[in-house]
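Trainee: Just passing along the structure, written as structure tokens.
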Amino acid sequence: MKPFVTQEFIIKKIKSYNREHLLNNLFYTLKQIDLREENNHPLWHYLLLIKWTFLYGNNEGKKTFSREKFITLLKYVEKFEKKSLDPYVKKHEWDKFFQIIGYQQFYLQQEVHWSDFARQLKLFGSSLRSKYDIEKSFNELSKLKLFDFIFFMHIVWIFTLANRMNKGVIYTGYIGEEIHEMMKDIFNCKSEFDNFLMLLTLNSTNIKKSITQFKTGIKQPYLQAFEMSFFTQLPFILNNENKYEIVHRSIFNYCCNYFIYDYLKTNDEKFTEEFGRRFEKYVELGLKECEVQYSSEKDLIKAYGKKEKIVDYIVENQILIECKGIEPKALSSVVPEDEIVYNAFKDSIFKAYLKQMLNVIKLKEDLHTPMYGIVICYKDFYVSSLDDFSEILNEDINYICIQNGWKANPLPLENVFVISIVNWDIIVEYLKEKRFTLSKLLEELVSKNKQEKHKWFLGLLKKYGNAKGNLSYLDEENQKLTDAVGAPSKKIV
């Protein structure tokens, strides 16, 4: 009789083996997968086993650990994961199924571009500062200057690409002596770099606390196969030879993009409000860059009054833009049931649509042209449009339509996109270079979405290419990083 695979069953298996030996096998295999750049291995299975081995393993188990037993243990995790997905497959609830898979896997497919470092310097540095100094907060909390942190991230990231660049340097999965020597002899910042490594390295003396305090962790055992790994905030480990290892480049890539945001959101209670202000300013820089006609929140307040719920920008008199510097919530991403999702988004994305966008349309007089909406978030939510939430929102929409005397919804859910700040920069660059209108672009994306369900907004934008960083509002920040590195980073990668 085949075993019924539960968390307890897998943990019992983990305890039967020597903890250190099992961890060595897991990290070694993960490194080989990374160095060979193999994408057909489910990294999240290894990451879950590493987590549970850290939490529940012991050194009293058997030291003998065959390859066959290792593979069997991984298969147990696969069965454990499948059991939670089966209900969605049986009911053909594919929107929910793909939402879970997206949250589990897409963060491990993060790409990094030199402009991502410049964007963070712009958002978190002094350039867009208003009432609160985020840069000062980061410096005090991390004991590192914001610029130094981004610079170190940039250097290590370039180093992880060494094998592709064919420059005589080989990436082996370790932060090698050449990096340490460079920091000491060329950049004269050895102690600062040491602080950087400590900040991003799993604390071997208090591993359980480091794991359990991670804010995107999920308490329910049967859902932990889908959670985002704690390694996204701690991408380095210090091995028995006192060498720093990068757990996996996919993990480090995510960390490159989001560590500062995640760190400050966890450690600074004043961060969120200040970041929201900066986020709006950053989006407006994009509107100015592509030279579109737009009205700001201030313009709308003058037109409709302070008491009305409005959006941040109206573009070309038919596109409503609301900025929400937010991220997906763990529970609603892995348990996408209607009530949980509604409660997770009711004060952010759903509020932007139901209470702000539809209210602005009610206030407008000219509704002869198709209307579109964009909710710009800091991180990607992996949804193709708000039409993915039609069953959740239909009751609210019908109520609003009746209240306003609308025979049909003037802003269909399929016309409203939820995108990341990275996708926003891609759009800005495309509009700037191609002299394309935003309304035409959105019209095309609505049409594509109908043809290619579950391709997500990011996938649809692949046609337009990844951002090359041809954005004037990032020039100053990029130049600072270029000067610090001592070489034109645009040409290095």
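The values are calculated or read from the model by the stated rules, or taken from the named source; none is laboratory data. Just so it is clear, the structure is predicted and the values come from calculations on it, not from any experiment. Neighbour counts are summed over all protein chains in view; Cβ atoms, including those assigned to glycine, are modelled from backbone coordinates with ideal geometry. The protein model used for the area step is the full one, side chains on, heavy atoms only, and it has no ligands, DNA or RNA in it. Shrake-Rupley method; radii C 1.70, N 1.55, O 1.52, S 1.80 Å.
Trainee: Using alpha carbon centroids, what distance separates the range 107-132 and the range 182-215, in Å?
Mentor: So the separation of the two Cα centres works out to 21 Å.
Trainee: Let me ask you something else. Tally Lys/Arg at +1 and Asp/Glu at -1 over every other residue whose Cβ is under 13 Å from the Cβ of LEU141; what's the total? Don't jump to the answer; show the numbers that get you there.
Mentor: Working: positive: LYS136, LYS143, LYS145, LYS265, LYS270; negative: ASP133, GLU135, GLU140, ASP262, ASP268, GLU269.
It works out to a net charge of -1.
Trainee: Enter the accessible area per residue of the range 294-408 (Å², integer; probe 1.4 Å; all protein chains in place). All intermediate terms of the calculation are to be shown ahead of the outcome.
Mentor: On the way: 5410 Å² over 115 residues.
On a per-residue basis, the range 294-408 sits at 47 Å².
Trainee: In addition: If each residue of separation counts as 0.36 nm, what is the full-extension length gain between ASN139 and LYS215 once their alpha-carbon separation is subtracted? Mind dumping the intermediate values first?
Mentor: Values: separation 76, 0.36 × 76 = 27.36 nm, distance 2.15 nm.
Going from the current span to full extension adds 25.2 nm.
Trainee: On a 0 to 90 degree scale, rounded to 10, what angle separates helix 438-451 from the longest Cα axis of the chain?
Mentor: 60 degrees
Trainee: How much of the DSSP bridge set in the chain is antiparallel, in percent, rounded to the nearest 5?
Mentor: Details: 10 of 24 bridges.
DSSP beta bridges in the chain are roughly 40 percent antiparallel.
Trainee: Run lengths n ≥ 4 of DSSP H only: what is the helix-derived mean residue ellipticity at 222 nm for the chain, with -39500 (n - 2.57) per run over all residues, to the nearest 500? Don't skip to the end; give the middle numbers.
Mentor: Numbers: 24 runs with 265 residues, N = 493.
Result for the chain: -16500 deg cm²/dmol, rounded to the nearest 500.
Trainee: Within the set of other residues whose C-beta is less than 10 Å from the C-beta of ASN253, count the net charge using Lys and Arg as +1 and Asp and Glu as -1.
Mentor: -1
Trainee: Using only Cα atoms, find the angle between the long axis of helix 390-404 and the longest principal axis of the chain, and express it within 0 to 90 degrees, rounded to the nearest 10.
Mentor: Result, in degrees: 20.
Trainee: Of ILE134, PHE159, GLN32, whose Cα points farthest to the positive end of the dipole of the range 31-184 (charges on the beta-carbon: +1 Lys, Arg; -1 Asp, Glu; origin at the Cα centre)?
Mentor: GLN32
Trainee: How much of the accessible area of the chain, probe 1.4 Å, is carbon plus sulfur, in whole percent? Before the final figure, lay out each step's value.
Mentor: On the way: 11570 of 23510 Å².
Ligands and nucleic acids excluded, carbon and sulfur give 49 percent.
Trainee: What is the helix-to-structure angle for 421-434, meaning the angle in degrees between its Cα long axis and the longest Cα principal axis of the chain, kept from 0 to 90 and rounded to the nearest 10?
Mentor: The angle comes out at about 60 degrees.
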